[in-house]
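The structure under discussion appears below in the form of structure tokens.
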Amino acid sequence: MRLLGTYGNRMGWLVLAILFFLILLPLAAVIIQVLLPGVFFGQWNIGDLSLLLDVFTRPLWLASLKNSLYLGVGTTVFATALGCALAIVRSRWSFQTARLLDLAVWVLLITPSFILAQGWVMFAAADGLANAWLGWTWITSLVFSPEGLVVVMSLSKFPLAYLAIASALEWKVDRLGEAARLCGGSLWTVWRTVELPLLLPAICSGALLVFMDTIGDFGLPASIAAVFRFPTLPYSIYSALYTSPIRFDMAGVLSFYLVLLIVAAMSIQFYVMRKARFDVLSSRATRQERKTTKRGSLWLNIGCISFLLVVIGIPFGANLLMSISDTSSMDQGLQGLTLRHYEELFANGEALLDGLLHSLGIAATAGIIGLIVGFFVAYVLTYSPFKYRRAVDVISLVSLAVPGVVLGIGYIFVWNQRWLEPIGLLLYGTPWILALASVAGAIPIITRVIVGAMAKVPGQLLAAAQMQGASFVQRVRWILLPLIRGALVAAGLSAFGSSVFDLAATSILFPPDFMTLPVFINKAFEDLKFAYAAASTLMGGGLVVLIIVIVELLFQPKKWKAGRDHA
């Protein structure tokens, strides 16, 4: 039964229009700027397409392209291999520290890359913790090299591949492996020729996610640039907007190549998967059962703890230790511990407080608006007969694939028009443009969470209410919202948390005298005030986490109360 009818089509067109202005139009503006430079500033000039070839002759442009490709491909290979190996181990064997591995995966997934990168810099810099406390002078040259950056990025991005592959390993079909064993295949041969090829869709999906997230990552290059020059496309785009004069041509061309690399990666995945079939699950499929071995479990626990000490202990531990260390006497070890950086933070707390309040305001606005837009997008995708639902689905995911710096460039072109000023829509230079960019970045997260919850609500419930005369608003208010309340809270808080620490878009779009928390932290880091930046990160991050916990308790009081009474 068509639940929405006329409402569905109208809502579909409305959602499509909103997504066009939030996502597609800024991306189109970047391409148009390359073809028609200056068109957004009243200059009708035909673009010199030979400028696109200058990326191969200009040293900085070429270095940025090569570095991004090297970092993207290298990280994709190693992070996917690492995520695949960990997912296979996690799905096949049971060991006590497995839950810690799962927790670490989610912590790395939600932590902004610039915070992780700052932790690695504080640990491995020439005057960092590893050199001063452990005497590891070799760690600096090891980490601050192209190969070292690939390793650091891989240790941050592997959760994307891990989650994609782990979900594919939930079920097993023993008959395929048994048939191969009957034909004389060894365990290694069966895994290599039967089980591994069946994981190809998950491996490709995980690799694509890793590549897109790496190629568009702005946080790591922004943090590494403080001690090691390694220009990438996102960072060079940012630099082009903050040079004098502003290099819109450079930003446009590099953004074009950045989008081109992402499109190429998606095309390769479609090509690999186009003719293959992987629908092997049948009624004989069973859930993967984890094996338990005392001797093997010991080594798995030791390996897991050692791995967590590296991927979690180094970035987060370095931030904590640096924030309480006396940077003027790092070689004193524990005797050099101090709280003076926090005292300095509170003494000059006005700048941090302003940045935190600005970021919280932007994130709250983005969370509320994004939640409304994401709800309607999810409703259209789940229940609407709108014939362009597939287009809505694809557009809602575009901002997840496209780097924030590219969206930021597009927002400058679109919302910095003179003719917008008389009608009050000249948003460039105002906090509202940050809110719009944050909404665009939050929509994929919100939509995926809500769609998953709506998929569990049968359409017959809404159809029955409609047959009893309930209006669209009544069906949503009295049936749908109560059933997906938990998902709405989770989606809103996820968007809020990710928006607070969005460095890429805010670094490009933040107005003068409107400091935000990630920009404040990154500027302190760029000024080589590592301990002050670490203290700011922990203090600001702690307050954001506290706010998220309080809001969750307020909006889910029954669950909290039940847990308290049970305790």
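Checking the structure you have, find out if any residue of region 502-515 is within 22 Å of residue 452 (Cα to Cα), in contact with a helix residue (DSSP H, G or I) (Cβ under 8 Å, 6 or more places away or on another chain) and at pLDDT 80 or above.
No: region 502-515 contains no residue that is within 22 Å of residue 452 (Cα to Cα), in contact with a helix residue (DSSP H, G or I) (Cβ under 8 Å, 6 or more places away or on another chain) and at pLDDT 80 or above.
One line per residue, one yes/no per condition, for (1) under 30 Å from the mean Cα position of the chain (by Cα); (2) polar (S, T, N, Q):
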| residue | (1), (2) |
| --- | --- |
| 428 | yes, no |
| 452 | yes, no |
| 461 | no, no |
| 477 | no, no |
| 522 | yes, yes |
| 526 | yes, no |
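Is it true that residue 306 is small (Gly, Ala, Ser), farther than 30 Å from residue 456 by Cβ and either at pLDDT below 80 or buried (at least 17 other Cβ atoms within 10 Å of the Cβ) (or both)?
Answer is no for this residue.
Can you say whether residue 120 is out of contact with any helix residue (DSSP H, G or I) (no Cβ under 6 Å at 6 or more places or on another chain) and of a type outside the set (A, V, I, L, M), as far as the supplied structure shows?
The answer is no for residue 120.
The values are calculated or read from the model by the stated rules, or taken from the named source; none is laboratory data. From a predicted model like this one, the values you see are computed outputs, not experimental measurements. Note: ideal-geometry Cβ built from the backbone for every residue, glycine included; neighbour counts use all protein chains shown.
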